[in-house]
1. Pairs only if they're at least six apart or on different chains, beta carbon under 8 angstrom, first in the range 104-115 and among the β-branched types (Val, Ile, Thr), second surrounded by fewer than 17 Cβ atoms within 10 Å (Cβ to Cβ) and modelled with pLDDT of 80 or more; list them, first residue then second.
2. Just name the residue that is surrounded by the fewest Cβ atoms within 10 Å (Cβ to Cβ) out of those in the range 390-414 that are assigned to a loop (DSSP other than H, G, I, E, B) and in contact with a Lys or Arg (Cβ under 9 Å, 6 or more places away or on another chain).
3. Scanning for something touching a helix residue (DSSP H, G or I) at 6+ places or on another chain (Cβ under 8 Å), in a loop (DSSP other than H, G, I, E, B) and farther than 30 Å from Arg187 by Cβ, does the range 94-107 turn up at least one residue?
4. Residue check, Gly157 against (1) in a helix (DSSP H, G or I); (2) modelled with pLDDT of 75 or more; (3) surrounded by fewer than 21 Cβ atoms within 10 Å (Cβ to Cβ), all met but one. Which one?
5. If a residue has to be among the acidic types (Asp, Glu) and at pLDDT 90 or above to count, how many in the range 201-260 make the cut?
6. Filter the range 362-383 down to the residues that are modelled with pLDDT of 80 or more and buried (at least 19 other Cβ atoms within 10 Å of the Cβ) and list them by number.
7. If we keep just the residues of the range 418-431 that are outside any helix (DSSP H, G or I) and touching a helix residue (DSSP H, G or I) at 6+ places or on another chain (Cβ under 9 Å), which is farthest from Pro223 (Cα to Cα)?
8. (1) within 24 Å of Arg315 (Cβ to Cβ); (2) out of contact with any Phe, Trp or Tyr (no Cβ under 6 Å at 6 or more places or on another chain): which one isn't true of Gly234, the others all being true?
Amino acid sequence: MGIREHFAERWDSQDILDSLWRVVASPYTTMLLLLSLAAVAACGIILPQRPAEALADPLAESLWTTSLRERYPGTADGLLRFGLVGVYRSAWLRGLLGFLALNLLLGMVEWICPPRWLPAGLASMEGAVRSLLPTQGEQTPATPEGNHSASLPGAAGDAMRRACQILRTQGFRIRGNSQNDTVYAQRFALFPVLVYVGALLVLGGAALGERTAWWEEGFILAPGQVRPLGHNTGLAVRAETDGGAQTRLTFFRGNREVGRKVLQAHAPSLYDHLLFYATASEPALRVRAEDVAGRGVSLQTPETGATQFAEVALRFREEEASSQYIVVLNLTPGGPTGRQYQQKGNERYVLVPSRDLTLRLRYAAGGSESDPAPTFQVEAFRGGETVPFYRQYFTGDNSLQIDGDLYTFEPQHYSVVRFGQDYGLILVFGGVVLLLVGILSSTGRPPQRLWLLSQSVHREVELYLIVLPHTAAGTLSRASGEGPVFPWFENVVQTLATQLAWHERR
């Protein structure tokens, strides 16, 4: 059945509200919403998205917008106008998610509760069925698959009651009074409910996390440093790492140690309702300098400006980072647009003002498992010269004499941790589990739904069984014989016919 036919069958112009319910709860609507969300996610991946800093700072917003127009001339205004540079925070994305939640909720109700409306064409089933039992010695005529009837003498209530008892013994859940002329039966129909509940929990967890969760990104801990976590937790933490796959955290409350955790790479760890991730282990190099008399030589770095230190700590990156250019904008009318060179992530500089020297240090990770130690290269430049007068490689702790002074280099590792609180993850995890269980269960046991109708004709009771395909709740196998064949339905029909015939012979 095509999409147009599917929605046309669910629409009844005489009952607009009920028709809207059916259309919104349709699995085709679910698929359309999921495709729309996939398109939104694709836009977020392909197109540049406005960073959080630009949302909080008007100046950063202006700089980012100007750089966007420079990168995408002619199309940047359109991206801004239609909100394509902020799709993850847009109102229409939240509207899609809300509509999907409503769709899942109504779909779940349709599976739990019996349909309020009969399948299209149910009233015209006479002449489009074949008998389960021969009536007064007649032969069973063949008619289209998917619909069956049984003609029995006796009261309609007795026949329906016996049929309902037989269906219950086969595991069907009966909805409706067996004294009525219409009964709805379903088997394994609660398995898809797990899928709906799981999807709703995932959406609910994501919404709860967006409103209540907080995260501290790029929390850096130097070796041996005890740093407060903040956020009214009353905790402080110290990290230890050897550059391997584990980061050991020690927690303090005041001056008292209260707990320890070991963070595995790319795996979360829970402590005191907080989630911790070890996002990186940055190599670092402590640098000190002394003159021939043993007195300290003051050092600077470009990042700290004119402030001088007895020792400096240089942080590197584990992976090679390519050089980049930063756009520097002059916001005055007619001002020029310049570009500033950004050094590589594995390259740092140390300035020695009293000696008019510049040291350039480069980091290279260990080359093999047999030699995992990182290697550093130090180059020394005088004044404005661009050619180094000194170059040396070293591994591990080392002391080198450069231009009469003794420089001590001590490799270390900084720990970069991400931590925060997000109770929505509990709902998301539970939803994913239910979602998987529901999908696997529905695959092994597809839902089975059918209608059982009774009709008195010439002092005989005719029982009609009409199958409801699990792919579209309330869709009837067509009387023309074009409906699908369900082996389980054939088995149910044969069992029901046999046992009804046995009751009649008694």
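1. Ile112/Leu190
2. We begin by selecting, within the range 390-414, every residue assigned to a loop (DSSP other than H, G, I, E, B); these are 395-397, 403-404.
Going one step further and asking which of them are in contact with a Lys or Arg (Cβ under 9 Å, 6 or more places away or on another chain), we end up with 403-404.
On the way: Asp403: 13, Gly404: 8.
If we take residues in the range 390-414 being assigned to a loop (DSSP other than H, G, I, E, B) and in contact with a Lys or Arg (Cβ under 9 Å, 6 or more places away or on another chain), then Gly404 is surrounded by the fewest Cβ atoms within 10 Å (Cβ to Cβ).
3. Of the residues in the range 94-107, the ones touching a helix residue (DSSP H, G or I) at 6+ places or on another chain (Cβ under 8 Å) are 96-97, 99-107.
Cutting the leftovers down to in a loop (DSSP other than H, G, I, E, B) gives us none.
No - not one qualifying residue is present in the range 94-107.
4. With respect to (1) in a helix (DSSP H, G or I); (2) modelled with pLDDT of 75 or more; (3) surrounded by fewer than 21 Cβ atoms within 10 Å (Cβ to Cβ), Gly157 is out only on (2).
5. Step one: filter the range 201-260 for residues among the acidic types (Asp, Glu), giving 210, 216-217, 240, 242, 257.
Now restrict to residues that are at pLDDT 90 or above: 257.
Looking only at that region, the number is 1.
6. Tyr363, Phe376, Val378, Ala380
7. Our first condition is that a residue be outside any helix (DSSP H, G or I); within the range 418-431, this holds for 418-423.
Add one more test, that the residue is touching a helix residue (DSSP H, G or I) at 6+ places or on another chain (Cβ under 9 Å), and what stays is 421-423.
On the way: Gln421: 25, Asp422: 28, Tyr423: 31 Å.
Ranking the qualifying residues of the range 418-431, first place goes to Tyr423.
8. Against the list (1) within 24 Å of Arg315 (Cβ to Cβ); (2) out of contact with any Phe, Trp or Tyr (no Cβ under 6 Å at 6 or more places or on another chain), Gly234 comes up short only on (1).
The values are calculated or read from the model by the stated rules, or taken from the named source; none is laboratory data. Predicted, not measured: the structure shown is a model, and the values here were computed from it. In this analysis, Cβ positions are derived from the backbone assuming ideal geometry, glycine residues included, and neighbour counts consider all displayed protein chains.
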